[in-house]
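Before any comments, here is the structure.
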Amino acid sequence: MTEKHTKILSKYLPEELVDFAFKNIRMYAIDFTISKSRQSKLGDYRPKSKQSPHRLSVNGELSKNRFALTFLHELAHLLATEKYGWGKINAHGKEWKAEFSALILYWIRLGKLSEGDQKALVLFANNPSATTRKDPFVLKELKDKGVNILADVKEGENFIFRKQPHVKIKKNRTRSLCRRENDQKLFLISERAEISFSIS
């Protein structure tokens, strides 16, 4: 990779992570691809073999912060593979989580994130998830678009979930106990679930 490649990376990554990404791509001889939008995934990792190097891809339409988080997600797969071997650990098990968390904390320590993004990432790094629904930048973008999530609802307040009226009973760590009003059944619903305050 050359200066030309770092300029390309700078179009997709936050400035503070460009050199870090470049060094890792070069160090591990990664075949890195910026992909067109894929409905099924934001990024992908394939381990090296006798026929090919490590392959890593990230969707190019993502915001810089989401691109960065996806890149670190996939890089964590590579680092876990290098340490423990491909197929010898769960894809998103504790080994991957440890690598991903360390990468996120490295990003935070660079000190370039906004205070809000830094706080969100610190919480996310405590138990990083493979699902996009827990991506702190996804949640921020939903907020920016005016999308409501259960975390916006206070205990005792009513809301609409899957076109059914509910009331929030008690908030737990990541899910809340809620009651569906038409049959009084109780459910645990993710704090990140999209909700509304009127039936559309």
Q) Do you know which of the residues in the stretch 165-180 that are surrounded by fewer than 13 Cβ atoms within 10 Å (Cβ to Cβ) and in contact (Cβ under 8 Å) with a residue 12 or more places away in the chain is nearest to the chain's Cα centre (by Cα)? A) ASN172
Q.
Being modelled with pLDDT of 75 or more, surrounded by 14 or more Cβ atoms within 10 Å (Cβ to Cβ) and in a loop (DSSP other than H, G, I, E, B) is the filter here; which residues of the stretch 131-164 pass it?
A. VAL153
Q. Which members of the stretch 181-200 meet the condition of being in contact with a His (Cβ under 9 Å, 6 or more places away or on another chain) and surrounded by 16 or more Cβ atoms within 10 Å (Cβ to Cβ)?
A. ILE189, ILE195
Q. Counting only residues that are within 12 Å of ALA151 (Cβ to Cβ), not in a loop (DSSP other than H, G, I, E, B) and not hydrophobic (A, V, I, L, M, F, W, C), how many does the stretch 169-200 have?
A. 5
(Q) Just to be sure I understand the filter: pairs with C-beta atoms under 6 Å, separated by 6 or more residues or on different chains, first member in the stretch 26-46 and under 17 Å from GLU82 (Cβ atoms), second member in a loop (DSSP other than H, G, I, E, B) and not acidic (Asp, Glu). Which pairs pass? (A) ARG26/MET1; TYR28/HIS54; ALA29/PRO53; ILE30/HIS54; ASP31/PRO53
Q: Among the residues of the stretch 81-129, write down those that are under 16 Å from ARG46 (Cα atoms) and without any contact (Cβ under 8 Å) to a residue 12 or more places away in the chain.
A: TYR84, GLY85, GLY87, LYS88, ILE89, ASN90
Q.
Which numbered condition in (1) at pLDDT 85 or above; (2) outside any loop (DSSP other than H, G, I, E, B) is the only one that LEU123 fails?
A. (1)
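The values are calculated or read from the model by the stated rules, or taken from the named source; none is laboratory data. Note that the coordinates shown come from a computational prediction; the quantities given were computed from them, not determined experimentally. Every residue, glycine among them, receives a Cβ derived from its backbone with ideal geometry; neighbour counts consider all protein chains shown.
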